[in-house]
Ligand SMILES: Nc1ncnc2c1ncn2[C@@H]1O[C@H](COP(=O)(O)O)[C@@H](O)[C@H]1O
Ligand SMILES: Nc1ncnc2c1ncn2[C@@H]1O[C@H](COP(=O)(O)O)[C@@H](O)[C@H]1O
Ligand SMILES: Nc1ncnc2c1ncn2[C@@H]1O[C@H](COP(=O)(O)O)[C@@H](O)[C@H]1O
Ligand code: NA
Ligand code: NA
Ligand code: NA
């Protein structure tokens, strides 16, 4: 088991492609996406009952090294600033197989 | 980056409105909800294949301060006691944008 | 609140029954599953737009004791080796109700 | 029992798709209907049944005999959960007994439409007000179940009374499926023939196909559920098989007493015999969380439902044929 | 206003299902249409409207008068957001004013088909090119809204210009719903009668039923949204009620000027009066993230849409009847 | 090749909606069909094809000639993956070669129905037993693919043999899509004309519309997948274009040898030329996880499928017309 960082990002579904590009550019080994999560934040509710995806969020999680986490965080910050959302970083153990 | 608490709650979908009211009352800055997760616990399986939502769970996550986390936990405990579910609290870094 | 381990596993949806059997065998008190998550990893993209579930992942989370976590990790490792995916272990506080 | 009735019922696509679903689970197939689709099919059926019934009611008008039938339906829906509770208390605690009693006091719309399709395959029809009867029979059992718990379970007595009333009405009458069928019934009634003509290719044309698809999913879900009952002993499966028979007998007797026409009597009997697996579980999950859903859902979905659609429907038809001549 | 028009509109299943959805939210029911189903119904409507319009266009051919109507539609769609913006700026910042202006400059396909169903219930039809007009009216307002922000909001001016053009075209013209309706229109046009015969049981037969179902969901969503406007003061609700009337007047006048046939004039008026809640919000969410979606979505969905389908449609029909004789 | 055949095929709504989907991806549109809907459409098509074939089989009866065709279908389905594997091994490892071989040995139901719609647009029909042939051709390739890996891949040999058998049968025969089409075929057969009449507005009436919608999604998915093949060199795309031609030739020759009627020969050729992207990927993902799904899925979905429905179908029809006269 290796100690890694788990970066979790929630942002507007329409912006998720943008976030995934960032992850690909920063060279993380992989990521997992949960589409169509809903929520509430400083910009009001995103209830997800819209008839398009305009008001739903998506959740992305990546397990990566501390340095990668730092680069990812720096790169997604402007996206979150403009389109809203949160990014959380925590420590965990990755079971290498 | 600020150190915050991440509170994760899984409970019956039918009770989720109740949990969200608690979060709103305790004044957390936001939350993210994943609807229609499934699982198994002390009250048996919630396989989610029901034709209504009667047997599915929902997942709620909020990043908040340690004090808010404590108040949230205290307020959801009776709901979990009555309707089942889990609440987990962990520490993480919030990327303020 | 008790200190426990949170084990998070992402693997192919088609293999998820297998992972849940492991969890049942190791005697964890419960688990939560999010079906149809998507992602990218060392085996390429799992975009989830397949017309069957062949290329989607599922996410499983269980809160359990450190010993259970170790047994679970040992038991899922061969599954992840063969079918791909990640397993992450972290520490958190479980709100006992 | 007349084997031609049994064959007429068994050789219909909906029933065979139910069997296909159960077979798929039996052989470990990965066949699966996505959850949102199952929910859509279920909403579609309520929409279609309601519109159909509303239109039929519009055609026939609201006679006294219709009102008598509706009254009988409501009374039955209050009485059945009471005696069911008495029987169930013999082996179960208050919470589980009340939840199961409510399940069997209420009705199953899919059993009802399967019976309707069975009649239709013989070129026969039933009165549109039977749909109204069905809609009215959904809720009373929920009220009875919740009140039984409030009165008889010591801990529950302390809960605030005000909240109870509001919740009870909401769960019993504005429950999603109750509201949709009642609403569609009213809309079908007030929009009359033009309304029905507008929606009938959707609500009537593709109905049997959608029903077959839905029953495929029911077969999958019911078969998966059957295992939940394994560990529960013989009492609950026995109840799940006995209750439809007893309740059908009550329904038949009442229908005879009120001299309902044969097809209405048959549909009424089916309603009495059927048990809820949508509206009541949703309500009980909230109002009686102490009860174990895998018991009441499994009994209704995995035992009583298949029993009714495979054996019950031709059996009740046979009894009506004997008694009504 | 002629009450028979009002009744003809109100007593149709789609409108009543919209009301049922709103009622369900009002009484706290848990009735809910799963999100993927709502999206499917919305795609289905675009598919069906497009195929239907393409076929009608194929039948009627592309006359000069058709081209004039299309041109008028495009011009209107550029002008409406401009004067709307001027009014909105009075109370709102540039971002919100531009997003709301775009919303009201664009159109609502469901309002359009509800108006079409209203005509059909009176045995009347409209020209297939009106569907083309509708499709062409979706995008200009998006372009105008984005350009207004670029020109008038100080911060936005610094953003790279190259990206703007590419994004703008993509959002305005290749937006999912615009593309689907335009694509279906073209496919309906080129496949002609054989194409239409192949898909008409799907695109036409079950249309009213699917529309009723979709409006049930719209009723649920609109009623939930209404509360978002509570805290926003009186200006926005007043705009949401006034804009359709003003835009309808513009549409009527233009239709009169161009001597459109009565039914085409009616449909054109409905288009002008309607506001977008699908294509524009999706575009604005990306292009003007500084604007508050709960304002523009709620105004359009929870106020203007219900106003149009309940009162607007019979009102515009009444005005056309007076003016066209 | 006769251009009228090409036009007849291209100018049909399903094909054009496929093109629309691919176009949407090309221009970066956000058009998207929700996953549960795509799965529902896919289940619907299997249901409808199965019921339709079962009914046709019931009408025609089970002649010797039918049984001969079915036998030929099964034999072909065992042989095609064997020679495909031999070719693929030239450039690929055992796992990927076996998975791709299985993909091309099996069939695509949507290609089959598109071919059927092509025939129908010319007022021609094919024998209902061809649906049975299709259902029987799905599984053998899975069995062959798995056995090739077991025999030829060193590491796999150590895996427990008992589990293999059980898994193999489950994957090959009780795979969701195989089970649904076979089940529907049997149900269509045993319920005969009354069964078919009950479900035909659903299974037949709205079929072309649902197919168009599904092909829209296929267009989206196929175009997204095309990029997966970019990095894979020229061999795999060449195989994905060459295999349908070779397999079609095998099918044509066999059909000629057995003197199948022209329309049955055409459908059989289409089956041979088509490649699986549902049943086989699901099976291979579990049984041969070492193979790279983005190869076998992309080849089949993004190259062979579009090739077949756009060019292959009119080409095979042309060849049949020449040879059968
Ligand atoms: N404190 C929080 N905890 C968890 N999720 C949040 C939090 N704040 C915002 N979010 C999520 O991020 C989305 C956008 O947030 P915002 O930009 O603050 O409106 C919300 O809809 C939530 O899904
Ligand atoms: N130890 C656990 N880890 C993760 N999720 C759990 C755990 N226990 C319960 N859950 C979730 O909470 C739901 C209700 O739990 P319970 O009330 O214990 O039946 C289950 O269906 C699971 O989704
Ligand atoms: N570093 C990572 N962080 C988060 N999820 C991952 C990561 N690597 C892989 N995954 C997930 O696990 C799946 C299979 O991974 P792999 O076996 O590496 O292809 C991917 O499709 C992702 O959903
Ligand atoms: Na009953
Ligand atoms: Na407008
Ligand atoms: Na083949």
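Just to be sure, is residue F:95 more than 14 Å from chain E (Cβ to nearest Cβ), away from ligand 6 (no atom under 16 Å from the Cβ) and surrounded by 24 or more Cβ atoms within 10 Å (Cβ to Cβ)?
no
Just to be sure, is residue D:49 within 30 Å of residue C:50 (Cα to Cα) and either more than 16 Å from ligand 2 (Cβ to nearest atom) or assigned to a helix (DSSP H, G or I) (or both)?
Taking the combined requirement at face value, the residue does not satisfy it.
So for the range D:167-180 (the condition being within 11 Å of chain E (Cβ to nearest Cβ), crowded, with 20+ Cβ neighbours inside 10 Å and either closer than 30 Å to residue F:48 by Cα or within 16 Å of ligand 6 (Cβ to nearest atom) (or both)), does at least one residue qualify?
yes
Where the second residue is in a helix (DSSP H, G or I) and within 16 Å of ligand 6 (Cβ to nearest atom) and the first is away from chain A (no Cβ under 12 Å) and lies in the range E:103-115, which pairs have Cβ atoms under 9 Å and are six or more apart or on separate chains?
Here the result reads none, with nothing in the range E:103-115 linked to a residue that is in a helix (DSSP H, G or I) and within 16 Å of ligand 6 (Cβ to nearest atom).
Filter the range C:39-57 for residues that are surrounded by 21 or more Cβ atoms within 10 Å (Cβ to Cβ) and at the interface with chain A (Cβ under 10 Å from one of its Cβ atoms) and give the result.
If the condition is that a residue be surrounded by 21 or more Cβ atoms within 10 Å (Cβ to Cβ) and at the interface with chain A (Cβ under 10 Å from one of its Cβ atoms), then C:39, C:46, C:57 are the ones that fit.
Considering only the range B:27-53, how many residues are touching a strand residue (DSSP E or B) at 6+ places or on another chain (Cβ under 8 Å) and touching a residue at least 40 places away in the same chain (Cβ under 8 Å)?
3
Here are A:86, A:73: which of them is in contact with a helix residue (DSSP H, G or I) (Cβ under 9 Å, 6 or more places away or on another chain) and either within 25 Å of residue C:6 (Cβ to Cβ) or more than 8 Å from every other protein chain (Cβ to nearest Cβ) (or both)?
A:86
For residue E:58, are the conditions met, namely being more than 14 Å from chain D (Cβ to nearest Cβ), more than 21 Å from the chain's Cα centre (by Cα), under 22 Å from residue E:300 (Cβ atoms) and touching a residue at least 24 places away in the same chain (Cβ under 8 Å)?
no
Identify, please: which residue in the range F:116-140 is within 14 Å of chain E (Cβ to nearest Cβ) and farther than 13 Å from residue F:266 by Cβ and is, among those, farthest from ligand 6 (Cβ to nearest atom)?
That would be F:123.
So, in the range C:16-38, exactly how many residues are surrounded by fewer than 22 Cβ atoms within 10 Å (Cβ to Cβ) and either more than 29 Å from residue F:42 (Cβ to Cβ) or touching a helix residue (DSSP H, G or I) at 6+ places or on another chain (Cβ under 8 Å) (or both)?
Residues flagged as surrounded by fewer than 22 Cβ atoms within 10 Å (Cβ to Cβ) and either more than 29 Å from residue F:42 (Cβ to Cβ) or touching a helix residue (DSSP H, G or I) at 6+ places or on another chain (Cβ under 8 Å) (or both) within the range C:16-38 amount to 11.
Does residue C:95 satisfy the condition of being buried (at least 18 other Cβ atoms within 10 Å of the Cβ) and either within 16 Å of ligand 6 (Cβ to nearest atom) or within 16 Å of the chain's Cα centre (by Cα) (or both)?
Judged against the criteria, residue C:95 is not a match.
Residue A:1: surrounded by fewer than 20 Cβ atoms within 10 Å (Cβ to Cβ) and within 22 Å of residue C:7 (Cα to Cα), yes or no?
yes
Test each condition in (1) in contact (Cβ under 8 Å) with a residue 24 or more places away in the chain; (2) within 16 Å of ligand 1 (Cβ to nearest atom) for residue B:67 and report the one that comes out false.
Here residue B:67 clears every test but (1).
Each value in this text was obtained by applying a stated rule to the coordinates, not by laboratory testing. Because the structure is predicted, anything quoted here is derived from the model rather than measured. As a convention, Cβ positions derive from the backbone with ideal geometry for all residues, glycine included, and neighbour counts pool all protein chains shown.
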